[in-house]
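A quick write-up on the structure given underneath.
Computed from the coordinates by the stated procedures, all read-outs in this text should not be read as laboratory data. None of the values given here were measured: they were computed from a predicted structure.
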Amino acid sequence: MEQTKALNALEPFLALSKSATSPRAAADLIVRATSTPNAFIFTELLQTPQVQALTSSSDEYAPYLTLLQIFSYGTYTSLTDGTAAHALPTLNDAQKLKLRQLSLLTLARGSNQTSSDDTAASTSGPALSYPSLLSLLDLPSPRELEELVVSTIYAGLIHAQLDPKNELVRVNSVAALRDVAPGSDNSKNAIGGLLSSLQAWAGRCEATLQSLEAQMSGLRADVDRRAAHAAAWSDKMDRLVEDEQRGGASSGLPSVGSGNVAITRAQAAGSAAALGDLVTAADPHQHQQRRQLPGLRPPPGRV
């Protein structure tokens, strides 16, 4: 999100750079870009031909290229360090604030400093001391430093907490809004760290793909095993039915698999008739009661 805002803030100046054909226009463009809010990335503007042409311009405008390089990957101390520091243009208040914010971002990202105070020993993560920041950012008082830290937090450059009691700025995270000087050790370290991160990510992706492939192979094997089991069970049932049918046919009995009943209706009717004759002959009175019982009705044609 912060990178998108920074790139959108720089976009108008990239468009204006195409018409900045004179050194004066290019120098004015640099001042406006470094003064505007939310513009914290300047690499694309620094690489435009119109800005790079300031290298061969007069001594009046050439320092503006150096100034843009400082805003791109330098710190506030770069204004006083180096042989060309005295020739740099004077910064306005907006430029001073932005360069201090970018410098604080750089210090927060690269610092591993922790407080030597025993009361702060339990706090993990990098911490920047007030005295060092006051010196590096050229600020006169802790109050102005705290105001700078608050403005940097609201700008989305860092996530940090102020610890006035121990005079520390405890940094939680920083935004990826700072360019790296070409050919510097930081650039090499950044590229090496990026390559290491990409290699680690590629390794995790490969391991995940192998794990998924193993799971898919296991699922396919389980499906094949279930299908083979079902086919074997179906064949076994078919053989049992065929054996039952063949056994019933050879013994003269109806087959269970054919759906016939062991006792036919005719045999059942004849048995019922014979039973009725026996009951009538034994006791005529029971014959009358038998006619009233459900399930013992006399066969047709008999009283």
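Things worth noting here:
- Listed by chain and number, the aspartates and glutamates placed with their C-alpha closer than 17 angstrom to that of Lys96 are Asp28, Asp81, Asp138, Glu144, Glu146, Glu147; residues fewer than eight positions away on the same chain are left out.
- For Lys18, the lysines whose Cα comes closer than 24 Å to its Cα, not counting residues fewer than 8 places off in the same chain, are Lys5.
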